[in-house]
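Below you'll find the structure, written out as structure tokens, and then a few comments.
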Amino acid sequence: MKFMKLAAAAASTIAIVGASAAVAQTTNLRIQTHYAPETVSGQLAQQYIDDIVAMSNGEIQVEMFYSASVVKSVETFDAAATGILDCDMTGSGYVVGKNSAFQFVADIMGGYETPYQQLSWLYFGGGKEAAAPLYNKFGMELIGWWVYGQESFASSRPIAKVEDFKDWKFRSPPGMETKIFEKLGASPIVMDFTEIFTALETGIIDGADASGLANNVGLGLYDIVNHANFPGFHSMPSDHLACNKAVFDAMPAHHQTIMKVAMEALALRTALTFEKKNAEAAAQLREQGVILHQWAPEELAKFRAAAQATWPEFADTPEAKALVESHLTYLGQLGLVSN
């Protein structure tokens with residue numbers, strides 16, 4: 001009798017486990033990033049994918065596209081919103097044309113000094129709450145950020161002070177950056193991330209605002225030009241993971257949580273990795289004869305003044321104004337601007 005009860009209990013347990021397995025949902029995602037797989041950021045993106053697959057016990061499966069291989073970088077957001085892709089792992093700087101508010105999610109420029117400060121605005125300064133309606137308006141859900149720190153230029157001529165920007169033709173992402181650098185005398189040319197190498201090689205541009213120092217090395221930019229600035233100062237873009245809202249809303253709650261928490265892990269891993277990788281890249285570049293220019297405080301102040309003077313010009317929608325106010329409040333709390 002006892003044996004029969006144990007057998008019945010075992011059968012019941014097996015039935016429950018079998019039923020649970022039967023109802024387990026699988027999430028299949030197509031995600032595109034503009035980063036090449038061999039760059040540091042490309043490798044970190046792959047680590048994120050590995051993490052969410054492992055944490056979901058394989059319930060989340062991802063088809064990952066690197067180097068903007070499905071659509072151009074600037075088209076990734078729309079491709080995700082319309083169902084060609086499911087998620088965009090580039091950055092909102094590519095969609096500033098939709099609403100200038102995206103600029104203040106992408107790269108405020110001349111604001112925060114470290115990735116940790118910028119990330120703290122997103123998670124503890126009201127940033128995510130302020131940005132969510134903006135993404136939702138276009139059928140997308142902001143999952144999180146990964147911020148690698150200040151970017152460095154790649155240039156065929158010295159970029160050591162504001163005066164050096166005069167008549168300097170360089171690749172620029174779209175948005176507020178073009179306005180700031182035009183004011184400083186430069187000639188920004190907006191082009192896709194994937195076109196930078198050829199444009200430098202052929203002399204169409206004198207330099208490029210591409211990425212952080214280590215990523216620039218991974219792209220091979222310093223095989224063509226021999227000037228960089230380090231540490232960086234001008235730009236600290238927040239790469240995002242944003243997914244089609246309908247796709248994300250249909251995911252099981254635990255899949256949603258896995259993706260969000262894994263993004264927080266990616267954010268920390270990215271910031272810490274680039275602390276090390278950029279220092280290693282700087283040492284490598286010095287050895288190969290690339291000249292690294294460190295800006296003096298007074299030159300940095302000139303740039304920050306020009307950048308902050310441009311913020312109001314892009315705060316031309318209710319969403320943009322709200323985000324600028326949010327940033328200024330938090331920057332004031334951090335002592336980075338005077339309220």
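The values are calculated or read from the model by the stated rules, or taken from the named source; none is laboratory data. Only a predicted model underlies this, so the values are computations on that prediction, with no experimental measurement involved. Glycine gets a Cβ as well: all are built from the backbone with ideal geometry, and neighbour counts include every protein chain shown.
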Problem - Matching entry among M251, M259, M263 (being buried (at least 23 other Cβ atoms within 10 Å of the Cβ) and hydrophobic (A, V, I, L, M, F, W, C)) - result: M259
Problem - Residue satisfying all of: in segment 181-192; of a type in the set (A, V, I, L, M, F, W, C) and touching a Phe, Trp or Tyr at 6+ places or on another chain (Cβ under 8 Å); surrounded by the fewest Cβ atoms within 10 Å (Cβ to Cβ) among these - result: I189
Fill in the blank from the handout: Within segment 48-69, the residues that are under 20 Å from K276 (Cβ atoms) and under 15 Å from the mean Cα position of the chain (by Cα) are Y48
Practice task
Find the helices (runs of 4 or more DSSP H) located wholly in segment 243-318 whose residues include 1 or more that are under 29 Å from V225 (Cβ atoms), more than 24 Å from the chain's Cα centre (by Cα) and among the acidic types (D, E), and list them.
Solution key: 253-287, 297-314
Exercise for the section: Check F248, F303 and return the single one that is assigned by TED's automatic domain parsing to the domain that holds P133, in contact (Cβ under 8 Å) with a residue 60 or more places away in the chain and of a type in the set (F, W, Y). Expected result: F248
Completion exercise
All conditions in (1) among the β-branched types (V, I, T); (2) in contact with a strand residue (DSSP E or B) (Cβ under 8 Å, 6 or more places away or on another chain); (3) in a helix (DSSP H, G or I) are true of V225 except (3)
Exercise for the section: For K183, indicate whether it is touching a residue at least 40 places away in the same chain (Cβ under 8 Å) and not assigned by TED's automatic domain parsing to the domain that holds A106. Expected result: yes
